[in-house]
Each structure stands twice: as structure tokens, then as C-alpha cells.
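Only one structure is covered here, and it is reproduced in the block below.
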Amino acid sequence: MMKRVMLITGASRGIGASVAYEAATAGYFVVINYNKSENEAIALSEKIINDGGECKLVKADISDSSQAKMLCDEALTYSGKIDVLVNNAGISSFSLFTEITDKLWDDTFNTNVKGNFYVTRAAVPHMVREKNGKIINISSIWGVCGSSCEVHYSASKAAVIGMTKALAKELGPSNITVNCIAPGVIDTEMNNALSDEDIKSLCDETPLERIGKPWEIARSVLFLASDDAAFITGQVLSPNGGFLI
Ligand code: NAP
């Protein structure tokens, strides 16, 4: 494969879908992972192909260790390499702290933390062999500053930052960079539970007076994936409109 290959987890919708589209139209071959949203994933792949890009769809629940391994194996079998891994798949929910059930805590960590670990562990041996790779983890501002009624989500996203920093140290000698993006509030289905009033008050608290768009996160991913970011590793880039400075 001549093109650079980018594997994006959770790319059927929202930020991941935007990363896949922007990367494909910028010349990457993209491996689009999805789990439940098959129709959306197919529609995205058709749009990418119509616009001259190339991609492959792989269904996998990344919270399952064997499916996560299968995802990387399929990407490698098909395209021969993974130059960039974007760990984007994630889930969020609201709950008072004392009402967080064991299941809700586990579900959140299984996808947001263990899923990231499973996919990365499967991709790293290939990157180490190639002495080349870029890993980009999607955290959240809430993983930096914490969010009320989202302790489970905030803790999982803080864990992603910890994984980023530690792995950057371990993989630097193999010429692999590991960075993190901690977006502010972005206009995706993840925020469907927020009322218009909630969104307005978030905008009021944001110096740029608005929430972000998925493509604005995609552009940050493309920057960290590019050679312009070759000397950047272990960092947290936070496109958030100034909400958190
Ligand atoms: P979204 O619109 O809800 O999309 C979530 C994506 O993750 C979907 O494509 C979904 O795939 C996938 N996914 C969830 N669980 C999965 C699993 N077990 N295996 C494989 N894929 C799975 O969310 P989003 O807003 O784009 O969020 C993307 C990432 O950005 C998440 O990590 C989120 O925490 C983070 N983030 C979002 C915001 C925001 O305001 N939106 C802010 C900061 C950080 P299927 O539908 O196919 O199952």
C-alpha cells in the first residue's frame, strides 16, 4: 500500500466519521471501525469513495479483547500496515456519583479505557517492527478538569491521558509518537442529552461563544498524524474554544 494507512475506532458517526472523511480526502487509506451503526458506516464509505478516497470497513466491538485484535489483524492483512491509529470510540452518560452502578462504571471503562488498550496493544508490535507509527487518543476536557455527574466518564478520560503519557515514553525509542486530543463540547449525537439551554450556557462559558464541529477535531488529528508533528509526543492538545485554558 503506497498510501499512509489510518485506522480509526468508532468511525461510523460523530468525530470518528469526520476524521475518516477528512483523512481519506487528504490522501490516507482509512480503515473505518464501527460496532452498531452499520448503515452509517456504509453511507460514510460510499461518500468517501464518491469523493475519490479509499477505505475499508471493519465491524468490531473494541471493548472485547479478541474483536479488538481481529480489527488490527484485518487492517494489517488488507493494507499491510497501520501508520496511524486513532483511538476514538467512546461512550458517555450522566449519573449522580452515588447512583453509578457497577455495570455503568464497567461499561464506560471497558470501551473508553480497555478498548483503547486492547486495540493499541494489538497495533504496537507492527509499529515497533516498522520503527514508525503515530497513536492519537481521543480524551476529553472532562478528563482534564472533571465534570459533575460524569465522574465515571471523567475518570475514564483521565485514564486515557495517563496511558498517552506513559506509552509515549515507552515507544519513543521505537520512533512512535503517542498524543492525545482532549476536545471541548462538540456537536455530535453524544451530546443529544443536553437541552438547548445546556448548550447555550456552555456557549456562554466559552470565549469563542460556540461549541465545536467534528471536522475541527479531525483537523487536529490530521496535524498530529502529519510530519509537522514529528517532534511532538506525550502531549494533550485541547481544541475547546477557550472553555478550558
Ligand atoms: P458519538 O457521536 O456518540 O459516536 C461514538 C462512536 O463510537 C460511534 O461511531 C460508535 O460506533 C463508536 N463506539 C462506541 N462504542 C464502541 C465499541 N465498543 N466498539 C466500537 N465502536 C464503538 O460520539 P462522538 O462525540 O463522536 O465521540 C467520539 C469520541 O470523542 C469519544 O471518545 C468521546 O468520548 C470523545 N469526545 C466527544 C466530545 C463531544 O462533545 N462530542 C467531547 C470530548 C470528547 P457504533 O455506533 O457503530 O457502535
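Tell me the relative contact order for the chain as a rounded percent, counting alpha carbon contacts under 8 Å between residues six or more apart. Before the final figure, lay out the partial values.
On the way: 491 pairs, mean separation 47.3, N = 245.
Worked out over the chain, it gives 19 percent.
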| Pairs K69/K165; K47/K200; K69/K213; K3/K157; K56/K103: which exceed 29 Å Cα-Cα? | K47/K200; K69/K213; K3/K157; K56/K103
| field | region 169-245-region 31-45 distance, computed between alpha-carbon centres (Å) | value | 22 Å
| For I62, solvent-accessible area (1.4 Å; no DNA, RNA or ligand), Å² | 10 Å²
| Of K134, K47, K114, the one that fluctuates the most in a GNM where the chain has Cα springs shorter than 10 Å | K47
| Cut-off under 5 Å, modelled amide H: who pairs with G133 long-range | T177
| query | Straight-line reach from K81: which aspartates and glutamates have a Cα under 12 Å away, not including same-chain ones fewer than 8 places off? | reply | D73, E130
| Could you give the angle, 0 to 90 degrees to the nearest 10, between helix 14-25's Cα long axis and the longest principal axis of the Cα atoms of the chain? | 30 degrees
| field | Hydrodynamic radius by Kirkwood, which averages 1/r over all alpha carbon pairs of region 114-240, in angstrom | value | 15.6 Å
| said: Please compute, over every Cα-Cα pair in the chain, the percentage with a separation greater than 34 angstrom. | reply: 11 percent
| task | Read phi for every residue in region 88-97 and hand back ³J(HN,Hα) as whole Hz from Karplus 6.51 cos²θ - 1.76 cosθ + 1.60, θ = phi - 60°, with x for Gly and Pro. | result | 10, 3, x, 10, 9, 6, 10, 6, 4, 3
| Under a plain spin-label model, where a point goes 7 Å from the Cα along Cα-to-Cβ, how far apart in nm are D102 and E130? | 4.1 nm
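Take the alpha carbon gyration tensor of region 1-131, find the square roots of its eigenvalues, order them as a ≥ b ≥ c, and report rounded if a/c is under 1.5; if not, report prolate when a/b exceeds b/c, else oblate. List each step's numbers first, then the result.
On the way: a/c = 2.44, a/b = 1.48, b/c = 1.66.
Oblate is the answer for region 1-131, as a/c is 1.5 or above yet b/c matches or exceeds a/b.
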| query | aspartates and glutamates within cross-link reach of K131: Cα-Cα under 14 Å, excluding same-chain residues under 8 positions apart? | reply | D83, E170
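The values are calculated or read from the model by the stated rules, or taken from the named source; none is laboratory data. Please read all numbers here as calculations on a predicted model, not as lab measurements. A quick note on method: Cβ atoms are made from the backbone with ideal geometry, for glycine too, and the neighbour counts reach across all protein chains shown. Calculation scope for accessible area: heavy atoms of the full protein, side chains included, ligands and nucleic acids excluded. Shrake-Rupley method; radii C 1.70, N 1.55, O 1.52, S 1.80 Å.
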